[in-house]
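Worksheet: one structure, shown below.
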Amino acid sequence: MVMSRAVVEDQGVRLRPLRLSDVDDVVAACSDPLTQRFLPLLPRPYTRSDAVWWIEEGTEAEWQQGGGVWVIADPATDRLAGTIGLHRVVHERAQAEVGYWVAPWARGRGVATAATVALSRHAFASGFVRLELITELENIASQRVALGAGFQREGVRRGLSPDRDGGRTDLLAFARLNSDRPGPVPRWLPDLPGGALTDGVVTVRPLRPGDEDFTYRLLNEPDVVLTSVPPIAPDAEEIALRCARSQAHWLSGERADMVILENSSGRPVGDVGLYYQERNLGQAMIGYAMLPEWRGRGLPTRAVRLVAHWAFAQTSIARLVAGTNPRNTGSQRVLEKAGFQREGYHRSRLPGMNGRRLDDVPYALVAADLLSDKNA
(Lines give C-alpha, C1' and ligand atoms only; values in the text may rest on other atoms or scores of the structure.)
Protein backbone atom coordinates (compact mmCIF):
# COMPACT_ATOMS: atom_id res chain seq x y z
CA MET A 1 0.00 0.00 0.00
CA VAL A 2 1.49 3.29 -1.13
CA MET A 3 -0.44 6.51 -0.83
CA SER A 4 -0.03 8.84 -3.78
CA ARG A 5 0.81 12.48 -3.10
CA ALA A 6 -1.30 13.52 -6.04
CA VAL A 7 -4.05 16.07 -5.48
CA VAL A 8 -7.44 14.50 -4.79
CA GLU A 9 -10.53 16.35 -6.05
CA ASP A 10 -13.66 14.72 -4.66
CA GLN A 11 -16.83 15.49 -2.68
CA GLY A 12 -16.48 19.22 -3.36
CA VAL A 13 -13.11 19.52 -1.61
CA ARG A 14 -9.48 19.43 -2.68
CA LEU A 15 -6.91 17.36 -0.80
CA ARG A 16 -3.31 18.42 -1.49
CA PRO A 17 0.04 18.19 0.31
CA LEU A 18 0.99 20.97 2.71
CA ARG A 19 3.43 23.68 1.65
CA LEU A 20 5.28 26.47 3.43
CA SER A 21 2.80 29.05 2.16
CA ASP A 22 0.26 27.39 4.53
CA VAL A 23 2.30 28.33 7.63
CA ASP A 24 0.23 31.32 8.75
CA ASP A 25 -3.06 29.44 8.42
CA VAL A 26 -1.63 26.43 10.28
CA VAL A 27 -0.48 28.65 13.16
CA ALA A 28 -3.84 30.40 13.36
CA ALA A 29 -5.82 27.16 13.27
CA CYS A 30 -3.61 25.25 15.71
CA SER A 31 -3.69 28.16 18.17
CA ASP A 32 -7.49 28.09 18.24
CA PRO A 33 -8.87 27.04 21.66
CA LEU A 34 -11.19 24.38 20.20
CA THR A 35 -8.38 22.82 18.17
CA GLN A 36 -6.17 22.83 21.25
CA ARG A 37 -8.99 21.35 23.35
CA PHE A 38 -9.35 18.22 21.26
CA LEU A 39 -5.71 17.83 20.17
CA PRO A 40 -3.99 17.83 23.57
CA LEU A 41 -0.58 16.89 22.19
CA LEU A 42 -0.29 20.11 20.17
CA PRO A 43 2.35 22.51 21.54
CA ARG A 44 0.94 25.38 23.61
CA PRO A 45 1.52 28.06 22.56
CA TYR A 46 1.67 26.92 18.95
CA THR A 47 4.38 28.88 17.16
CA ARG A 48 5.48 29.51 13.61
CA SER A 49 8.49 27.23 14.12
CA ASP A 50 6.12 24.43 15.22
CA ALA A 51 4.19 24.83 11.96
CA VAL A 52 7.33 24.89 9.84
CA TRP A 53 8.66 21.73 11.51
CA TRP A 54 5.36 19.96 10.99
CA ILE A 55 5.12 20.92 7.31
CA GLU A 56 8.74 20.05 6.50
CA GLU A 57 9.41 17.10 8.78
CA GLY A 58 6.35 15.87 10.64
CA THR A 59 4.20 15.31 7.58
CA GLU A 60 7.13 13.76 5.71
CA ALA A 61 7.42 11.12 8.43
CA GLU A 62 3.78 10.19 7.88
CA TRP A 63 4.41 9.73 4.16
CA GLN A 64 7.45 7.57 4.86
CA GLN A 65 5.40 5.30 7.14
CA GLY A 66 2.82 4.65 4.42
CA GLY A 67 0.23 7.22 5.40
CA GLY A 68 0.11 10.89 4.56
CA VAL A 69 -1.17 14.36 5.44
CA TRP A 70 -3.24 16.59 3.17
CA VAL A 71 -4.59 20.09 3.31
CA ILE A 72 -8.36 20.27 3.02
CA ALA A 73 -8.58 23.14 0.55
CA ASP A 74 -11.37 25.16 -0.98
CA PRO A 75 -11.23 24.24 -4.70
CA ALA A 76 -12.10 27.83 -5.64
CA THR A 77 -9.32 29.54 -3.65
CA ASP A 78 -6.97 26.68 -2.67
CA ARG A 79 -6.85 28.19 0.84
CA LEU A 80 -6.36 25.82 3.77
CA ALA A 81 -9.65 24.93 5.48
CA GLY A 82 -8.13 22.20 7.63
CA THR A 83 -5.97 19.12 7.37
CA ILE A 84 -6.64 15.40 7.21
CA GLY A 85 -4.28 12.48 7.37
CA LEU A 86 -3.75 8.74 7.49
CA HIS A 87 -1.79 7.81 10.62
CA ARG A 88 -0.74 4.70 12.56
CA VAL A 89 -0.56 2.53 9.47
CA VAL A 90 -0.54 -1.22 10.15
CA HIS A 91 0.57 -2.72 6.85
CA GLU A 92 -0.08 -6.36 7.71
CA ARG A 93 -3.69 -5.46 8.50
CA ALA A 94 -4.13 -2.99 5.63
CA GLN A 95 -5.33 -0.58 8.30
CA ALA A 96 -4.82 3.10 9.16
CA GLU A 97 -6.33 5.80 11.35
CA VAL A 98 -7.97 8.91 9.93
CA GLY A 99 -7.37 12.18 11.76
CA TYR A 100 -8.39 15.76 10.92
CA TRP A 101 -8.93 19.26 12.18
CA VAL A 102 -10.87 22.13 10.64
CA ALA A 103 -9.80 25.77 10.83
CA PRO A 104 -12.19 28.15 12.64
CA TRP A 105 -13.01 30.05 9.42
CA ALA A 106 -14.17 26.85 7.68
CA ARG A 107 -16.28 25.20 10.37
CA GLY A 108 -19.95 24.46 9.91
CA ARG A 109 -19.68 23.87 6.16
CA GLY A 110 -19.30 20.07 6.14
CA VAL A 111 -15.72 20.12 4.89
CA ALA A 112 -14.51 17.54 7.44
CA THR A 113 -17.17 15.03 6.41
CA ALA A 114 -16.51 15.63 2.71
CA ALA A 115 -12.75 15.30 3.21
CA THR A 116 -13.14 12.10 5.26
CA VAL A 117 -15.27 10.53 2.53
CA ALA A 118 -12.80 11.64 -0.15
CA LEU A 119 -9.75 10.36 1.74
CA SER A 120 -11.48 7.07 2.58
CA ARG A 121 -12.23 6.45 -1.09
CA HIS A 122 -8.63 7.31 -1.99
CA ALA A 123 -7.24 5.01 0.74
CA PHE A 124 -9.44 2.07 -0.23
CA ALA A 125 -8.42 2.52 -3.87
CA SER A 126 -4.80 2.38 -2.69
CA GLY A 127 -5.22 -0.99 -0.98
CA PHE A 128 -6.39 -0.20 2.56
CA VAL A 129 -9.17 -2.44 3.88
CA ARG A 130 -9.99 -0.92 7.28
CA LEU A 131 -9.90 2.69 8.44
CA GLU A 132 -10.34 3.78 12.04
CA LEU A 133 -11.39 7.16 13.43
CA ILE A 134 -10.80 7.95 17.11
CA THR A 135 -12.37 10.87 18.96
CA GLU A 136 -13.25 12.09 22.46
CA LEU A 137 -16.70 11.43 23.86
CA GLU A 138 -17.15 15.18 24.29
CA ASN A 139 -16.22 15.94 20.67
CA ILE A 140 -19.71 15.78 19.21
CA ALA A 141 -18.78 17.50 15.94
CA SER A 142 -16.15 14.84 15.22
CA GLN A 143 -18.61 12.05 16.00
CA ARG A 144 -21.06 13.56 13.54
CA VAL A 145 -18.29 13.61 10.93
CA ALA A 146 -17.56 9.93 11.58
CA LEU A 147 -21.19 8.87 11.20
CA GLY A 148 -21.71 11.14 8.20
CA ALA A 149 -18.68 9.60 6.47
CA GLY A 150 -19.96 6.06 7.04
CA PHE A 151 -17.82 5.07 10.04
CA GLN A 152 -19.60 2.79 12.51
CA ARG A 153 -19.12 3.22 16.24
CA GLU A 154 -17.30 0.24 17.72
CA GLY A 155 -16.97 1.22 21.39
CA VAL A 156 -15.02 3.08 24.05
CA ARG A 157 -11.27 2.57 24.44
CA ARG A 158 -10.52 3.34 28.07
CA GLY A 159 -7.55 5.55 28.92
CA LEU A 160 -6.33 5.51 25.34
CA SER A 161 -4.89 9.01 25.14
CA PRO A 162 -2.77 11.13 27.51
CA ASP A 163 -4.18 14.53 28.43
CA ARG A 164 -2.46 17.78 29.33
CA ASP A 165 -2.85 17.17 33.06
CA GLY A 166 -0.95 13.90 33.10
CA GLY A 167 -4.05 11.71 33.14
CA ARG A 168 -5.58 9.44 30.55
CA THR A 169 -8.69 10.05 28.44
CA ASP A 170 -11.27 7.56 27.17
CA LEU A 171 -11.80 7.76 23.43
CA LEU A 172 -14.51 6.54 21.06
CA ALA A 173 -13.52 4.22 18.23
CA PHE A 174 -15.25 4.28 14.83
CA ALA A 175 -14.30 2.19 11.80
CA ARG A 176 -15.14 1.81 8.13
CA LEU A 177 -14.35 -1.16 5.90
CA ASN A 178 -13.84 -1.03 2.17
CA SER A 179 -16.82 -3.42 1.88
CA ASP A 180 -19.23 -1.13 3.78
CA ARG A 181 -22.08 0.44 1.89
CA PRO A 182 -21.53 4.04 0.86
CA GLY A 183 -23.32 6.81 2.67
CA PRO A 184 -23.84 7.90 6.27
CA VAL A 185 -24.44 5.45 9.10
CA PRO A 186 -28.19 5.36 9.85
CA ARG A 187 -29.14 6.94 13.18
CA TRP A 188 -31.27 4.99 15.67
CA LEU A 189 -32.14 8.24 17.46
CA PRO A 190 -32.20 11.23 15.09
CA ASP A 191 -31.92 14.83 16.24
CA LEU A 192 -35.06 16.57 17.46
CA PRO A 193 -36.62 18.60 14.62
CA GLY A 194 -35.41 22.15 15.02
CA GLY A 195 -33.45 21.08 18.09
CA ALA A 196 -36.44 20.85 20.47
CA LEU A 197 -40.04 19.72 20.92
CA THR A 198 -42.78 22.00 22.24
CA ASP A 199 -46.55 22.16 22.68
CA GLY A 200 -46.58 25.82 23.68
CA VAL A 201 -46.61 25.06 27.41
CA VAL A 202 -43.47 22.96 27.80
CA THR A 203 -40.36 22.55 25.67
CA VAL A 204 -38.17 19.48 25.62
CA ARG A 205 -34.56 19.87 24.47
CA PRO A 206 -31.41 17.74 24.73
CA LEU A 207 -29.40 17.72 27.95
CA ARG A 208 -26.12 19.58 27.36
CA PRO A 209 -23.11 21.15 29.08
CA GLY A 210 -24.34 24.01 31.22
CA ASP A 211 -27.15 21.93 32.76
CA GLU A 212 -24.96 20.63 35.59
CA ASP A 213 -26.40 22.66 38.49
CA PHE A 214 -30.01 21.96 37.56
CA THR A 215 -29.35 18.25 36.95
CA TYR A 216 -27.44 17.87 40.22
CA ARG A 217 -30.32 19.38 42.18
CA LEU A 218 -32.97 17.31 40.40
CA LEU A 219 -31.21 13.96 40.66
CA ASN A 220 -30.34 14.54 44.32
CA GLU A 221 -33.95 15.13 45.36
CA PRO A 222 -34.60 12.35 47.94
CA ASP A 223 -37.69 10.92 46.23
CA VAL A 224 -35.95 11.02 42.82
CA VAL A 225 -33.00 9.10 44.28
CA LEU A 226 -35.38 6.48 45.68
CA THR A 227 -36.82 5.80 42.21
CA SER A 228 -33.44 5.80 40.45
CA VAL A 229 -31.79 2.55 39.34
CA PRO A 230 -29.70 2.00 41.37
CA PRO A 231 -31.01 4.32 44.13
CA ILE A 232 -27.74 6.21 44.59
CA ALA A 233 -27.42 10.00 44.41
CA PRO A 234 -24.90 11.01 41.70
CA ASP A 235 -22.01 13.27 42.70
CA ALA A 236 -20.96 16.45 40.89
CA GLU A 237 -18.31 14.67 38.81
CA GLU A 238 -20.81 12.10 37.57
CA ILE A 239 -23.28 14.83 36.69
CA ALA A 240 -20.61 16.76 34.76
CA LEU A 241 -19.77 13.67 32.71
CA ARG A 242 -23.46 12.97 32.13
CA CYS A 243 -23.98 16.45 30.68
CA ALA A 244 -20.75 16.43 28.67
CA ARG A 245 -21.37 13.01 27.13
CA SER A 246 -25.15 13.03 26.73
CA GLN A 247 -24.97 13.91 23.04
CA ALA A 248 -22.50 11.08 22.42
CA HIS A 249 -25.00 8.62 23.89
CA TRP A 250 -27.71 10.15 21.69
CA LEU A 251 -25.59 9.80 18.55
CA SER A 252 -24.83 6.19 19.43
CA GLY A 253 -28.54 5.42 19.68
CA GLU A 254 -28.26 4.30 23.31
CA ARG A 255 -30.37 6.98 24.98
CA ALA A 256 -31.78 10.46 24.59
CA ASP A 257 -31.52 12.55 27.75
CA MET A 258 -33.66 15.69 27.69
CA VAL A 259 -34.53 18.68 29.87
CA ILE A 260 -38.12 19.87 30.34
CA LEU A 261 -38.52 23.67 30.22
CA GLU A 262 -41.63 25.55 31.37
CA ASN A 263 -42.29 27.99 28.53
CA SER A 264 -43.62 31.02 30.39
CA SER A 265 -40.57 31.20 32.67
CA GLY A 266 -38.03 29.48 30.43
CA ARG A 267 -36.77 27.60 33.47
CA PRO A 268 -35.74 23.93 33.54
CA VAL A 269 -38.25 22.09 35.68
CA GLY A 270 -37.59 18.41 35.08
CA ASP A 271 -36.07 15.82 32.81
CA VAL A 272 -37.27 13.07 30.53
CA GLY A 273 -35.18 10.30 29.06
CA LEU A 274 -35.68 7.70 26.39
CA TYR A 275 -33.55 4.56 26.62
CA TYR A 276 -33.38 2.26 23.61
CA GLN A 277 -33.57 -1.09 25.40
CA GLU A 278 -34.22 -3.62 22.65
CA ARG A 279 -33.56 -2.37 19.14
CA ASN A 280 -34.43 -5.67 17.49
CA LEU A 281 -37.86 -5.53 19.12
CA GLY A 282 -38.34 -1.81 18.61
CA GLN A 283 -38.83 -1.25 22.33
CA ALA A 284 -37.58 1.68 24.41
CA MET A 285 -38.07 2.80 28.00
CA ILE A 286 -39.10 6.29 29.05
CA GLY A 287 -38.46 7.91 32.42
CA TYR A 288 -38.95 11.37 33.91
CA ALA A 289 -38.52 13.45 37.06
CA MET A 290 -39.73 16.88 38.19
CA LEU A 291 -38.55 19.42 40.71
CA PRO A 292 -40.95 19.41 43.70
CA GLU A 293 -42.19 22.99 43.21
CA TRP A 294 -43.34 22.24 39.64
CA ARG A 295 -45.29 19.07 40.32
CA GLY A 296 -49.05 18.83 40.03
CA ARG A 297 -49.29 21.04 36.91
CA GLY A 298 -49.42 18.34 34.24
CA LEU A 299 -46.01 19.27 32.82
CA PRO A 300 -44.46 15.75 32.77
CA THR A 301 -47.52 14.40 30.96
CA ARG A 302 -47.02 17.00 28.23
CA ALA A 303 -43.31 16.17 27.98
CA VAL A 304 -43.96 12.42 27.78
CA ARG A 305 -46.51 12.97 25.00
CA LEU A 306 -44.05 15.12 23.03
CA VAL A 307 -41.31 12.52 23.30
CA ALA A 308 -43.68 9.67 22.45
CA HIS A 309 -44.95 11.42 19.31
CA TRP A 310 -41.36 12.07 18.21
CA ALA A 311 -40.27 8.49 18.92
CA PHE A 312 -43.11 6.89 16.96
CA ALA A 313 -42.84 9.33 14.05
CA GLN A 314 -39.07 9.66 13.68
CA THR A 315 -37.54 6.38 14.91
CA SER A 316 -38.03 2.63 14.60
CA ILE A 317 -39.49 2.47 18.09
CA ALA A 318 -42.85 0.69 18.08
CA ARG A 319 -43.40 0.33 21.80
CA LEU A 320 -42.58 2.51 24.82
CA VAL A 321 -42.47 1.06 28.32
CA ALA A 322 -42.24 2.64 31.75
CA GLY A 323 -42.37 1.47 35.34
CA THR A 324 -43.52 3.02 38.61
CA ASN A 325 -43.38 2.22 42.30
CA PRO A 326 -46.74 0.70 43.32
CA ARG A 327 -47.29 3.59 45.76
CA ASN A 328 -46.31 6.30 43.27
CA THR A 329 -49.82 7.17 42.15
CA GLY A 330 -48.67 10.54 40.78
CA SER A 331 -46.32 8.90 38.29
CA GLN A 332 -49.02 6.41 37.35
CA ARG A 333 -51.42 9.28 36.58
CA VAL A 334 -48.77 10.90 34.36
CA LEU A 335 -48.46 7.72 32.30
CA GLU A 336 -52.20 7.07 32.09
CA LYS A 337 -52.91 10.65 30.95
CA ALA A 338 -50.20 10.24 28.31
CA GLY A 339 -51.99 7.15 26.96
CA PHE A 340 -49.97 4.36 28.61
CA GLN A 341 -51.76 1.23 29.75
CA ARG A 342 -50.91 -0.83 32.79
CA GLU A 343 -49.67 -4.30 31.89
CA GLY A 344 -49.17 -6.15 35.15
CA TYR A 345 -47.16 -6.25 38.36
CA HIS A 346 -43.47 -7.20 38.70
CA ARG A 347 -42.47 -8.41 42.14
CA SER A 348 -38.99 -7.51 43.47
CA ARG A 349 -37.93 -6.22 40.06
CA LEU A 350 -35.86 -3.21 41.14
CA PRO A 351 -32.99 -2.67 43.57
CA GLY A 352 -33.91 -0.56 46.60
CA MET A 353 -32.09 1.01 49.51
CA ASN A 354 -30.04 -1.13 51.92
CA GLY A 355 -30.21 -4.23 49.74
CA ARG A 356 -33.99 -4.34 49.57
CA ARG A 357 -35.91 -5.22 46.42
CA LEU A 358 -38.85 -3.17 45.15
CA ASP A 359 -41.94 -4.13 43.21
CA ASP A 360 -42.65 -2.40 39.89
CA VAL A 361 -45.86 -1.58 38.04
CA PRO A 362 -45.21 -1.77 34.26
CA TYR A 363 -46.95 0.44 31.70
CA ALA A 364 -46.69 0.47 27.91
CA LEU A 365 -47.68 2.66 24.98
CA VAL A 366 -47.84 1.75 21.30
CA ALA A 367 -48.44 4.09 18.39
CA ALA A 368 -52.10 3.09 18.01
CA ASP A 369 -52.73 4.04 21.66
CA LEU A 370 -51.27 7.49 21.13
CA LEU A 371 -53.16 8.17 17.93
CA SER A 372 -56.47 7.14 19.54
CA ASP A 373 -55.89 9.35 22.59
CA LYS A 374 -58.30 12.28 22.33
CA ASN A 375 -56.02 14.40 24.46
CA ALA A 376 -52.82 13.78 22.45
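Determine whether the range 172-185 contains at least one residue that is touching a helix residue (DSSP H, G or I) at 6+ places or on another chain (Cβ under 7 Å), under 26 Å from residue 104 (Cα atoms), among the hydrophobic types (A, V, I, L, M, F, W, C) and assigned to a strand (DSSP E or B). Checked against the condition, which is being touching a helix residue (DSSP H, G or I) at 6+ places or on another chain (Cβ under 7 Å), under 26 Å from residue 104 (Cα atoms), among the hydrophobic types (A, V, I, L, M, F, W, C) and assigned to a strand (DSSP E or B), the range 172-185 yields at least one hit. Residues that are part of a strand (DSSP E or B), assigned by TED's automatic domain parsing to the domain that holds residue 117 and touching a Lys or Arg at 6+ places or on another chain (Cβ under 8 Å) do occur in the range 145-154, at least one of them.
Of the numbered criteria (1) under 18 Å from residue 90 (Cα atoms); (2) free of Cβ contacts under 8 Å to residues at least 60 places away in the same chain; (3) surrounded by fewer than 19 Cβ atoms within 10 Å (Cβ to Cβ); (4) over 14 Å from the mean Cα position of the chain (by Cα), the one residue 126 fails is (2).
Inspect the range 303-314 for any residue being under 24 Å from residue 207 (Cβ atoms), without any contact (Cβ under 8 Å) to a residue 24 or more places away in the chain and not in a strand (DSSP E or B) and give the result as yes or no. Checked the range 303-314: at least one residue is under 24 Å from residue 207 (Cβ atoms), without any contact (Cβ under 8 Å) to a residue 24 or more places away in the chain and not in a strand (DSSP E or B).
Scanning the range 107-123 for residues that are crowded, with 18+ Cβ neighbours inside 10 Å and out of contact with any helix residue (DSSP H, G or I) (no Cβ under 7 Å at 6 or more places or on another chain) yields 111, 114, 115, 117, 118, 119, 120, 122, 123. Name the residues in the range 330-360 that are of a type outside the set (Gly, Ala, Ser), within 19 Å of residue 225 (Cβ to Cβ) and outside any loop (DSSP other than H, G, I, E, B), would you? Selection gives 334, 349, 350, 351, 353, 354, 357, 358, 359, 360. On the stretch given as the range 46-105, residues that are in a loop (DSSP other than H, G, I, E, B), modelled with pLDDT under 95 and acidic (Asp, Glu) total 1.
The values are calculated or read from the model by the stated rules, or taken from the named source; none is laboratory data. Fair warning: this is a prediction, and the values are worked out from it, not measured in the lab. FYI the Cβ positions are ideal-geometry reconstructions off the backbone, even for glycines, and counts take in every protein chain you see.
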